[in-house]
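Trainee: Before anything else, here's the structure in question.
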Amino acid sequence: MTAPPMYRQEKLEQAPTDVAELTSDESTSTEIWNALVTEGDFGYYVFGKSQTAYIFSGFMLLANNILLIGFHILTGAKVLDTLSDHSLCTVTFSAIVMVMGIVLSAPRTLRHVSFMSMFSAACMAIAILLFLIFAGIEKAPLDYPTDGPVRTYAFPLPGTSWVDCMNAVLNITFLWVPQILFPTFIAEMEHPEDFPKSLAVLATISTILFIVPPAIGFRYLGQYATAPAFGSLGLAVYRKASFGFVIVPTLIIGAIYANVTAKFIYSHLLGTSRHAHSNTVVGWGVWALVMIGIWVVGFIFSEVVPSMGDFLSLLGAAFDSFFGFIFFAVAYWHLYRGKLFVGLGRTAMTLLHVFVMACGLFLLGPGLYAAVEAIITDYSGSVSPAFSCASLGI
């Protein structure tokens, strides 16, 4: 991994001017959209055109995305395990999901993503709707009444450990930090100037989806709620009918992350070579090898990290702390240094980004400790060892 390729260098050198012209009182995410191609470019520019920052940011991009691919392989195996009543070894299901992911990731551009994303969103919407309906009509959730009547609460129950609370925060954080994919998507948009509008729509829909369905589900499941929530439903047929639709977004989202990751590696291997943008044997051969390698490494991670919750906690602490908080606080300082407290509005935004930096450091420090502690605790308990055939079905 080297410094940014020369064909992007001119754009990066122009970045400070571009960004300065876009400055406003909106979040930093909307101010830097037209200066970047990958998170590596982000780090290169934000940290003073540092090659070290570029390499570090690129490594973080690869590590985050490959871990996420592993998470989606684990989720896919869990879905297949549930639907089939554990008819095969779980490792076999993981391998099946890996192969399906490689096939879906084969195209070298993101042109197919719009259709795939709409289909993925529709399937996820059906899964959520079925879950809410089943939670409302069933007599009682799974394991009722071992912990008494269903009850809801606003604060952690007595006996909840700090590690449990921190991991819950990290799981929520993971859902709200999609910024790592923004540069690559923007680079392939036909009208990249529409990115701020897209971001506003994404934020609105995400807010509704991440608050309303969980609140309704918690109303009916209370302390019996599990992760994933589909596993809390009392009847197996309800769990299968709702959870089964999750396989579609699991594969498609995994394919998108794989495409972004492969594109980053591919561009560094072939650079400005004609093979990079032509249908040559060399170009497709390199692309195929990179894609297979990414999914194989993701498969290994899916067998090593013991649970979905642990996966999300690790991702939230190690990577979202950077890409969702620290990077943007540093970017804000870079944009406005020398005038951080000029005027009431700018002062308020500066204080907000100080808080953003503090949140990022907290997630990185205590958060990473909690994530690692949870993995250690799970392995010392009843969690199956790595590469186990034990069922993951809900």
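The values are calculated or read from the model by the stated rules, or taken from the named source; none is laboratory data. The structure presented is a predicted model; accordingly, all values stated were derived computationally and were not measured. Counting neighbours? That spans all protein chains shown, and the Cβs are built from the backbone with ideal geometry, glycine included.
Trainee: Would you confirm whether any residue within region 307-315 is farther than 22 Å from VAL97 by Cβ and either in contact with a Ser or Thr (Cβ under 9 Å, 6 or more places away or on another chain) or free of Cβ contacts under 8 Å to residues at least 40 places away in the same chain (or both)? Step through it out loud before you land on a result.
Mentor: Start the filter on region 307-315 by keeping residues that are farther than 22 Å from VAL97 by Cβ, which leaves none.
Scanning region 307-315, I find no residue that is farther than 22 Å from VAL97 by Cβ and either in contact with a Ser or Thr (Cβ under 9 Å, 6 or more places away or on another chain) or free of Cβ contacts under 8 Å to residues at least 40 places away in the same chain (or both), so the answer is no.
Trainee: Further, regarding this structure: Among the residues that make up region 269-292, is at least one of them within 23 Å of VAL177 (Cβ to Cβ), in contact (Cβ under 8 Å) with a residue 60 or more places away in the chain and assigned to a helix (DSSP H, G or I)? Spell out how you get there, then give the answer.
Mentor: Quick first cut of region 269-292, residues within 23 Å of VAL177 (Cβ to Cβ) only: none.
There is no residue in region 269-292 that is within 23 Å of VAL177 (Cβ to Cβ), in contact (Cβ under 8 Å) with a residue 60 or more places away in the chain and assigned to a helix (DSSP H, G or I).
Trainee: While we're on this one: Take THR173 and tell me if it is closer than 30 Å to ALA370 by Cβ, without any contact (Cβ under 8 Å) to a residue 24 or more places away in the chain and polar (S, T, N, Q). Steps first, please.
Mentor: Values: closer than 30 Å to ALA370 by Cβ: yes; without any contact (Cβ under 8 Å) to a residue 24 or more places away in the chain: no; polar (S, T, N, Q): yes.
Against the criterion (closer than 30 Å to ALA370 by Cβ, without any contact (Cβ under 8 Å) to a residue 24 or more places away in the chain and polar (S, T, N, Q)), THR173 does not qualify.
Trainee: Turning to a different aspect of this structure: For region 221-236, how many residues meet the condition of being touching a Phe, Trp or Tyr at 6+ places or on another chain (Cβ under 9 Å) and in a helix (DSSP H, G or I)?
Mentor: Residues meeting the conditions: 7.
Trainee: So ALA255 fits all but one of (1) surrounded by 15 or more Cβ atoms within 10 Å (Cβ to Cβ); (2) more than 21 Å from the chain's Cα centre (by Cα); (3) not hydroxyl-bearing (Ser, Thr, Tyr); what number is the exception?
Mentor: It fails just one condition, (2).
Trainee: Hey, any hits in region 210-220 for a residue that's out of contact with any Lys or Arg (no Cβ under 6 Å at 6 or more places or on another chain), basic (Lys, Arg), farther than 30 Å from TRP295 by Cα and surrounded by fewer than 20 Cβ atoms within 10 Å (Cβ to Cβ)? Spell out the reasoning first.
Mentor: We begin by selecting, within region 210-220, every residue out of contact with any Lys or Arg (no Cβ under 6 Å at 6 or more places or on another chain); these are 210-220.
Then drop every residue that is not basic (Lys, Arg), which leaves 219.
Pick out the ones that are also farther than 30 Å from TRP295 by Cα and you get 219.
Then drop every residue that is not surrounded by fewer than 20 Cβ atoms within 10 Å (Cβ to Cβ), which leaves 219.
Yes - at least one qualifying residue is present in region 210-220.
Trainee: For region 342-394, enumerate the residues that are touching a helix residue (DSSP H, G or I) at 6+ places or on another chain (Cβ under 8 Å) and on the phi > 0 side of the Ramachandran plot.
Mentor: PHE387
Trainee: Now for a different question. Take the residues of region 102-159 that are crowded, with 16+ Cβ neighbours inside 10 Å and polar (S, T, N, Q): which is nearest to ILE292 (Cα to Cα)?
Mentor: Filtering first and then ranking leaves SER105.
Trainee: When you look at LEU352, is it under 28 Å from TYR54 (Cβ atoms), of a type outside the set (Gly, Ala, Ser) and within 21 Å of the chain's Cα centre (by Cα), yes or no? Working first, answer last.
Mentor: Values: under 28 Å from TYR54 (Cβ atoms): yes; of a type outside the set (Gly, Ala, Ser): yes; within 21 Å of the chain's Cα centre (by Cα): no.
No, not satisfied.
Trainee: OK, next. Having 1 or more residues that are out of contact with any His (no Cβ under 6 Å at 6 or more places or on another chain) and either under 26 Å from ALA95 (Cα atoms) or at pLDDT below 90 (or both) is the bar; report the helices (runs of 4 or more DSSP H) wholly within region 301-394 that clear it. Give the derivation first.
Mentor: Values: elements: 308-315, 327-336, 344-362, 368-380.
Because the criterion is at least 1 residues that are out of contact with any His (no Cβ under 6 Å at 6 or more places or on another chain) and either under 26 Å from ALA95 (Cα atoms) or at pLDDT below 90 (or both), the helices (runs of 4 or more DSSP H) in region 301-394 that meet it are 308-315, 327-336, 368-380.
Trainee: I've got another one for you. Select from region 58-74 the residues that are within 26 Å of SER120 (Cβ to Cβ) and either small (Gly, Ala, Ser) or surrounded by fewer than 24 Cβ atoms within 10 Å (Cβ to Cβ) (or both) and list them in ascending order. Show your work before the answer.
Mentor: The initial filter retains those residues of region 58-74 that are within 26 Å of SER120 (Cβ to Cβ), namely 60-74.
MET60, LEU62, ALA63, ASN64, ILE66, LEU67, GLY70, listed by residue number.
Trainee: Select from region 36-57 the residues that are surrounded by 22 or more Cβ atoms within 10 Å (Cβ to Cβ) and either modelled with pLDDT of 70 or more or part of a helix (DSSP H, G or I) (or both) and list them in ascending order.
Mentor: Here is the first cut: in region 36-57, the ones surrounded by 22 or more Cβ atoms within 10 Å (Cβ to Cβ) are 36, 38-46, 54, 57.
Within region 36-57, GLU39, GLY40, ASP41, PHE42, GLY43, TYR44, TYR45, VAL46, TYR54, SER57 qualify.
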